[in-house]
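Asks: Mind looking over this structure? Questions follow.
The values are calculated or read from the model by the stated rules, or taken from the named source; none is laboratory data. Fair warning: this is a prediction, and the values are worked out from it, not measured in the lab. In this analysis, Cβ positions are derived from the backbone assuming ideal geometry, glycine residues included, and neighbour counts consider all displayed protein chains.
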Amino acid sequence: MNRVKKLLLPLGISIALIGHGQARAQGVTNTTFPISFSVFVPCANGGEGEMVVLTGTLHDSFDVRIDSDGVRVDVHDNPQGITGTGLTTGDKYQATGVTRWNLAASSAIDLVFVDNFRIIGQGPGNNFLFHDNLHLSIDSDGRVTAFHDNLRADCK
């Protein structure tokens, strides 16, 4: 649920702006930026696991709509050319996937978050697949009417 709070922060700011008549915005913004991070791949190195250092570019697309009907935010992220090396084996890896979240808010709130992240290694058995999908709905009285968070990580 902590992750839900982080995802809802932009919504709170947007609703506050709408409530004060300050925001009437819309538009899509695309940006790319360099990224570097490490991931532990538990199935690498013959099942012993290893840290993989990855670098490349992350593409972000933000579509924000704020009007008298409420707020709609659509965010789409995908890696571009992210590659890495295992610190133990020296094996080469590629990062692929997509992260997206969609938020709609007026008198009620609906949030959908999907993350598919893959670290693909050389040869069989050392691919790390991470998937998370979350759905949260809150009605106009502040009651949670739907919540599910399906998180899994697999080695293939």
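Quick grid of which residues meet (1) of a type in the set (S, T, N, Q); (2) within 30 Å of PHE147 (Cβ to Cβ); (3) at pLDDT below 95:
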site	(1), (2), (3)
GLY12	no, yes, yes
ALA25	no, yes, yes
CYS43	no, no, yes
GLY49	no, no, yes
ASP69	no, yes, yes
THR85	yes, no, no
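Asks: Could I ask something else about it? Counting only residues that are in a loop (DSSP other than H, G, I, E, B) and touching a residue at least 12 places away in the same chain (Cβ under 8 Å), which one in the range 71-120 is nearest to ILE35 (Cα to Cα)?
Replies: The qualifying residue nearest to ILE35 (Cα to Cα) is LEU87.
Asks: Residues GLY142, GLY125: which one is surrounded by fewer than 16 Cβ atoms within 10 Å (Cβ to Cβ), touching a Cys at 6+ places or on another chain (Cβ under 8 Å) and among the small types (Gly, Ala, Ser)?
Replies: Of the residues listed, the single one that is surrounded by fewer than 16 Cβ atoms within 10 Å (Cβ to Cβ), touching a Cys at 6+ places or on another chain (Cβ under 8 Å) and among the small types (Gly, Ala, Ser) is GLY125.
Asks: Continuing with the same structure: Quick test for you: out of GLY46, GLY97, pick the one residue that is within 20 Å of HIS135 (Cα to Cα) and either surrounded by fewer than 18 Cβ atoms within 10 Å (Cβ to Cβ) or touching a Pro at 6+ places or on another chain (Cβ under 8 Å) (or both).
Replies: Exactly one residue qualifies, and that residue is GLY97.
Asks: Just the residues that are in contact (Cβ under 8 Å) with a residue 60 or more places away in the chain and more than 20 Å from ASP77 (Cα to Cα), please, taken from the range 121-135.
Replies: Scanning the range 121-135 gives GLY121, GLY125, ASN126, ASN127.
Asks: Kindly evaluate VAL53 against the criterion of being over 17 Å from the mean Cα position of the chain (by Cα) and surrounded by 13 or more Cβ atoms within 10 Å (Cβ to Cβ).
Replies: Answer is yes for this residue.
Asks: Sticking with this one: I need the full set of residues from the range 28-70 which are acidic (Asp, Glu), part of a strand (DSSP E or B) and over 15 Å from ILE119 (Cα atoms), in order please.
Replies: Listed by number, the residues that qualify are ASP60, ASP63, ASP67.
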